[in-house]
1. Please list 3J(HN,Hα) in residue order for region 179-192, calculated via the Karplus relation 6.51 cos²θ - 1.76 cosθ + 1.60 where θ = phi - 60°; whole Hz, with x for glycine and proline.
2. Full-extension gain between ILE313 and LEU128, please, as 0.36 nm times their residue separation minus the C-alpha to C-alpha distance.
3. So for TYR196, TYR402, what's the accessible-area order with a 1.4 Å probe, most first?
4. If packing is taken as the mean number of other Cβ atoms within 10 Å per residue, what is the order of 287-296, 264-273, highest first?
5. Helix 25-39 sits at what angle to the longest principal axis of the chain, using alpha carbons and giving 0 to 90 degrees rounded to 10?
6. Which is farthest toward the positive dipole end of the chain among GLY321, LEU392, PHE38, measuring Cα position about the Cα centre, with Cβ charges +1 (Lys, Arg) and -1 (Asp, Glu)?
7. How much of the accessible area of the chain, probe 1.4 Å, is carbon plus sulfur, in whole percent?
8. Once phi is turned into θ = phi - 60°, what whole-Hz ³J(HN,Hα) does the Karplus curve with 6.51, -1.76 and 1.60 give for every residue of region 427-443, x standing for Gly and Pro?
Amino acid sequence: MLDEYGLPILMVVALLFTLFTGYPVAFLLGGLGIVFAFIGGINLAFLGTVSSRIFGGVIENWLMIAIPLFVFMGLMLEKSGVARNLLLTLQRLFGRVHGGLAISVALLGIVMAASTGIIGASVVMLGLLALPVMLKQNYKPEVACGIIAASGTLGILIPPSIMLVLMGSIMQISVGALFKAALVPGLLLGALYVLYLTIIGKLRPDWAPLPDENAEDVDTTPLAAALARDLLGPVILIAAVLGSIMAGIATPTEAAAIGAAGSMLLALFARTLNLGTLRDVMRDTSRTSAMILFVVVGATCFSVVFKRLGGDIMIEEMITGTGLGPYGLLLLVMGLIFFLGFFLEWIEISFVVLPLLVPVIAKLDFGLGLSSQAILVWFAVLVAVNLQTSFLTPPFGYALFYLKGITHGEISIGMIYRSIIPFVLLQVLGLILCILFPSLVLWLPGMTGSG
């Protein structure tokens, strides 16, 4: 294998080592692709096809327009204060329950996940809003940090998710079907978080104490009226975006435009829409979208050259040559993706690894009576649930660094690492449930037994 596939193996090894240089991943991927194209004797005409793939398959892809629109939608809800008002109201709702504030953070994470797929924005927002209050209420720091980091990562899974948009483009499957399929697993993870916090509140109330009874709410609005004011708007917006996609009324790109416009209306009603807010949102949207696009371009170059050197055949032979059955191969692939999540971001994994695995997975027969398209939808959601752990697992768990950045030295990185252990285990549990019960994924899109 070393003689036949030496260059593909060396290409992977080079990527893993260069990641530790701190150089931007987008340029590493593209640069390694070009370097190994010359090492492998690939002619310049083939590199021209790489450019065609980037411009024709990425830049001109209509689905890609949905990414900046969804990013704009989430950032507008964050920076306009809509999310902050919702957290304060949810805190009042669960105020007399041990762990009530943590449960409020989990619920806000679910709501915000359905409005943005930007992990950094969600984690920072939840951390700035909730962490000082939780520590002031004498929450155990591990509980506070863990739920903030875990809830902030739900946005990468619960639709509308930019990861699912990219996966649909990579795997050539319906983004609408992926949105439907990922909704139940995403809500399942959120429910597992809430259940865990409820158990913690019962068994260890000192870890999640009640708020000070002498503290008065600044907001004197009746709770029902406050819920209607702060929860109704985001719920209607999310229902409009997801409902239009799932009902087939709008494409994901069109629904993203509805979400972007709707988030501006909510900010207008909250009287926080001004030129300063709009400027900040547009600047951050441009930065995030450009980062994603650069990684996609670099990953496209890397993956095309990797395939040209025989890397796709190598991966297929390595996986099928294990002698494992369909479920054994699936577990092997899930373990590989989980391991890669320690070192790579979800974008690199999606664009480099998924194109190599899709042909192998599509041929497997799991005995469920599913079409190859349904199997790919199921597999894509399993990968999405798996990749959510990549934001929480050291050494490159970005949600952990976002959280560390806003603690101002009050909480050590070691404590943050410890805080996410139970939540990573809950995510693995959610993944196992989705593997054992495919209907959790395929029930909503109605694809079970579709042949």
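The values are calculated or read from the model by the stated rules, or taken from the named source; none is laboratory data. Predicted model, so just to flag it, every value in this text is computed and none were measured. Glycine also receives a Cβ, built like all others from the backbone with ideal geometry; neighbour counts cover every protein chain displayed. Surface areas here come from the heavy atoms of the whole protein model, side chains and all, with no ligands, DNA or RNA. Shrake-Rupley method; radii C 1.70, N 1.55, O 1.52, S 1.80 Å.
1. Coupling constants for region 179-192: 4, 5, 5, 7, 5, 5, x, x, 5, 4, 4, x, 5, 5 Hz.
2. Working: separation 185, 0.36 × 185 = 66.60 nm, distance 4.74 nm.
Between ILE313 and LEU128, full extension yields 61.9 nm more.
3. Working: TYR196 55, TYR402 90 Å².
Descending order: TYR402, TYR196.
4. Values: 287-296: 17.9, 264-273: 16.3.
Ranked from most to least packed, the peptides come out as 287-296, 264-273.
5. Between helix and principal axis, roughly 0 degrees.
6. Farthest towards the positive end: LEU392.
7. Working: 12870 of 18830 Å².
The C+S portion of the solvent-accessible surface of the chain is 68 percent.
8. Coupling constants for region 427-443: 5, 5, 4, x, 5, 4, 4, 5, 6, 6, 10, x, 5, 4, 8, 9, 5 Hz.
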